[in-house]
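Peer 1: One structure is given below, represented as structure tokens, and several questions about it will come after.
The values are calculated or read from the model by the stated rules, or taken from the named source; none is laboratory data. No experiment lies behind these values; they were computed from the predicted model shown. All Cβ positions, even for glycine, are placed from backbone atoms using ideal geometry, and neighbour counts span all protein chains on display.
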Amino acid sequence: MKSLLIADDEKSICNVLKFALEDEYNVFVANNLAEFNNIVHSNQIDFALVDLKFGSVNGLDLIKKINMLNEYAIIIMITAYGTIETAIEAIKLGAYDYLLKPIDLDMLRELLVEANRYYILKKNLLSESSYLVDDTDIIGMSRKMKDVIELINRVKNLDVTVLIQGETGTGKGLVAREIHYKGLRKDGPFMVVNCGAIPESLIESELFGYEKGAFTGAEKSKKGAFELANGGSLFLDEIGEMHLSGQVKLLRAIEEKKITPLGSEKSIEVDTRIIAATNRDLEQAVNEGKFRNDLFYRLNVLPIYLPPLRERREDIPLLVSYFIEKANKMYDLNIKGIEEGVLDYLKNMYYRGNVRELENIIYRLCILSDGEIICYDDINIKGSQDHTHKKEGSNYISFQIGTKIEEAEKTLILRTLEFVGGNKSKAAQMLGISERSIYYKINDYLKRE
């Protein structure tokens, strides 16, 4: 669930907005500058509704502060004192849009839907620009990773569909980018669509775009991901989570190399390479009727399987060195190495979150280290990380009294998934919740890591 900050000195307005939006967002409320500073420094803010006159503080200064802390944040200015000049100034400083009081909740919701689309696009563009600056090499000298790198080199210059399969955190997105940026289409656009994060009702408009007036709120035409990726590559992440209705339309677009935006009668030819990724067993999903057989075979032209980190432990020392160097640059540190005992401990962890989990652990160790060498004295690794080891044969979970509900729920879901070997369908049945709920929960946990 994305976070939303309401910064307004009128408590009644904050309460109404919080009540209206708390089912869709993790809502934070700030009625004064101290609360505002505490919230923005302690939390990742995705969306913000900021009052122009925030007590004695100018709301434009708050916009600057939010943008400084999170370049992805989407900010909407709200005020009863609207002028063209202030609207222009707010947008120049990075505000997405401008709403006048009294706030129309339906209008606000529509604006937030549009803002969410922009948020996804902005995050993709910013991450792509940073990717072009950073080292793009895939780290690994194990036999399995050498096979992966050899496959990448074989397929990068071929105009065929690639399906990347592997557990969460194994680097599927990195491989997709490597294929694009090292291949013939490197000068074309690279668009990312997270198929699991887009509701069934929006997937068609996200992929194919729409014309002005195609539906309520479509005040102007919008290009879809296929058209935006024309001449380049379209990365369909978490393709296994796409609804069957969306799969039919996707299959047609891939086969015909044409798309039809919503509300249009004209087809548009597209030259877009498809790279798809999933952490699900798509063959099993086909057998269960959750994924189309014809789409699976259309995507699975050149499959690439990414092994989990526990199957290539010999790469862990290389990855540790790489992440230490990265942490030094990111956080202006001077960590020169890691004790052999700590490295041995890291080599023997189970890593449900794979390379992403190892990366987060190294960053945490680097930041908390008191010296230039990471050692056991810097952090009680065994005390804080034992939950990452697989506990074979254990069907029980114990919680300390006072454990937060949210943390207990997270542990329960992750341990159940571990127990059933990562099968979300089985885990959902055991826990009495929907498979999609599990997917969203996992996504939420990953964003907080």
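Peer 1: Which members of segment 59-82 meet the condition of being part of a loop (DSSP other than H, G, I, E, B) and closer than 16 Å to K2 by Cβ? If you could, list the steps in order and put the result at the bottom.
Peer 2: Here is the first cut: in segment 59-82, the residues part of a loop (DSSP other than H, G, I, E, B) are 70-73, 80-82.
Answer for segment 59-82, where residues must be part of a loop (DSSP other than H, G, I, E, B) and closer than 16 Å to K2 by Cβ: N70, E71, Y72, A73.
Peer 1: Going by the conditions given, is A225 in contact with a Leu (Cβ under 8 Å, 6 or more places away or on another chain) and either under 28 Å from Y439 (Cα atoms) or not assigned by TED's automatic domain parsing to the domain that holds I374 (or both)?
Peer 2: Numbers: in contact with a Leu (Cβ under 8 Å, 6 or more places away or on another chain): yes; either under 28 Å from Y439 (Cα atoms) or not assigned by TED's automatic domain parsing to the domain that holds I374 (or both): yes.
Yes, satisfied.
Peer 1: Among (1) within 26 Å of I438 (Cβ to Cβ); (2) surrounded by fewer than 21 Cβ atoms within 10 Å (Cβ to Cβ); (3) under 24 Å from the mean Cα position of the chain (by Cα); (4) of a type in the set (S, T, N, Q), where does N287 come up short?
Peer 2: (3)
Peer 1: Being in contact with a Phe, Trp or Tyr (Cβ under 9 Å, 6 or more places away or on another chain) and among the charged types (D, E, K, R) is the filter here; which residues of segment 176-222 pass it?
Peer 2: R177, E204, K222 - these are the residues of segment 176-222 that are in contact with a Phe, Trp or Tyr (Cβ under 9 Å, 6 or more places away or on another chain) and among the charged types (D, E, K, R).
One line per residue, one yes/no per condition, for (1) β-branched (V, I, T); (2) closer than 22 Å to D9 by Cα; (3) at pLDDT below 85; (4) within 26 Å of the chain's Cα centre (by Cα):
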residue: I78; (1), (2), (3), (4): yes, yes, no, no
residue: L93; (1), (2), (3), (4): no, yes, yes, yes
residue: Y96; (1), (2), (3), (4): no, yes, yes, yes
residue: P102; (1), (2), (3), (4): no, yes, yes, no
residue: R109; (1), (2), (3), (4): no, yes, no, yes
residue: V113; (1), (2), (3), (4): yes, no, yes, yes
residue: R117; (1), (2), (3), (4): no, no, yes, yes
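Peer 1: Mind telling me which of the residues A20, A48 ends up being in contact with a helix residue (DSSP H, G or I) (Cβ under 8 Å, 6 or more places away or on another chain), outside any strand (DSSP E or B) and within 18 Å of D104 (Cα to Cα)?
Peer 2: Details: A48 fails: outside any strand (DSSP E or B).
Testing whether each residue is in contact with a helix residue (DSSP H, G or I) (Cβ under 8 Å, 6 or more places away or on another chain), outside any strand (DSSP E or B) and within 18 Å of D104 (Cα to Cα) leaves just A20.
Peer 1: State whether the residues of segment 30-42 include one that is within 21 Å of D104 (Cβ to Cβ) and surrounded by 14 or more Cβ atoms within 10 Å (Cβ to Cβ). Reasoning before the result, please.
Peer 2: Within segment 30-42, the first condition is being within 21 Å of D104 (Cβ to Cβ), and the residues that meet it are none.
Looking through segment 30-42, none of the residues is within 21 Å of D104 (Cβ to Cβ) and surrounded by 14 or more Cβ atoms within 10 Å (Cβ to Cβ).
Peer 1: Which residue pairs have Cβ atoms closer than 8 Å, lie 6 or more positions apart in sequence or on different chains, and pair a first residue in segment 320-339 that is outside the structural domain of R364 (by TED's automatic domain parsing) and crowded, with 20+ Cβ neighbours inside 10 Å with a second residue that is of a type in the set (F, W, Y) and not in a helix (DSSP H, G or I)?
Peer 2: none
Peer 1: Moving on to the next point. Take the residues in segment 43-63 that are under 20 Å from P102 (Cα atoms) and among the aliphatic types (A, V, I, L, M), then tell me which one is surrounded by the most Cβ atoms within 10 Å (Cβ to Cβ). Outline the logic, then answer.
Peer 2: Going through segment 43-63, the residues under 20 Å from P102 (Cα atoms) turn out to be 47-55, 58-60.
From what is left, the residues that are among the aliphatic types (A, V, I, L, M) are 48-50, 52, 60.
Details: A48: 29, L49: 23, V50: 25, L52: 23, L60: 17.
Filtering segment 43-63 for residues that are under 20 Å from P102 (Cα atoms) and among the aliphatic types (A, V, I, L, M), the one surrounded by the most Cβ atoms within 10 Å (Cβ to Cβ) comes out as A48.
Peer 1: Scan segment 295-352 for residues that are in contact with a Gly (Cβ under 6 Å, 6 or more places away or on another chain) and assigned to a helix (DSSP H, G or I) and report the count.
Peer 2: Narrowing segment 295-352 to residues in contact with a Gly (Cβ under 6 Å, 6 or more places away or on another chain): 306, 315.
Those still in the list that are assigned to a helix (DSSP H, G or I) too: 315.
Residues that pass the stated criteria total 1.
Peer 1: Of all residues in segment 25-35, which are touching a residue at least 24 places away in the same chain (Cβ under 8 Å), under 19 Å from I103 (Cβ atoms) and of a type outside the set (A, V, I, L, M)?
Peer 2: Once the filter is applied, which keeps residues that are touching a residue at least 24 places away in the same chain (Cβ under 8 Å), under 19 Å from I103 (Cβ atoms) and of a type outside the set (A, V, I, L, M), segment 25-35 yields Y25, F28.
Peer 1: Can you tell me which residue in segment 213-233 is nearest to the chain's Cα centre (by Cα), limited to those that are of a type in the set (A, V, I, L, M) and part of a loop (DSSP other than H, G, I, E, B)? Write out each step before concluding.
Peer 2: Applying the first criterion (of a type in the set (A, V, I, L, M)) to segment 213-233 yields 214, 218, 225, 228-229.
This time we only want the ones that are part of a loop (DSSP other than H, G, I, E, B), so: 214, 218, 229.
On the way: A214: 28, A218: 26, A229: 19 Å.
Only one residue tops the list, namely A229.
Peer 1: Going residue by residue through segment 365-383, is there one that turns out to be in the same structural domain as I316 (by TED's automatic domain parsing), assigned to a helix (DSSP H, G or I), at positive phi and at pLDDT 85 or above? Walk me through it before giving the result.
Peer 2: Step one: list which residues in segment 365-383 are in the same structural domain as I316 (by TED's automatic domain parsing), which gives 365-383.
Those still in the list that are assigned to a helix (DSSP H, G or I) too: 365-368, 381-383.
Okay, now just the ones that are also at positive phi, so none.
No, there is no match, as no residue in segment 365-383 is in the same structural domain as I316 (by TED's automatic domain parsing), assigned to a helix (DSSP H, G or I), at positive phi and at pLDDT 85 or above.
Peer 1: Determine which single condition R292 fails, assuming it passes every other condition in (1) over 15 Å from E204 (Cα atoms); (2) of a type in the set (K, R); (3) modelled with pLDDT under 95.
Peer 2: So the condition that R292 fails would be (3).
Peer 1: Then there's this: Can you spot a residue in segment 430-447 that is in contact with a Phe, Trp or Tyr (Cβ under 9 Å, 6 or more places away or on another chain) and either under 21 Å from T170 (Cβ atoms) or modelled with pLDDT under 75 (or both)?
Peer 2: no
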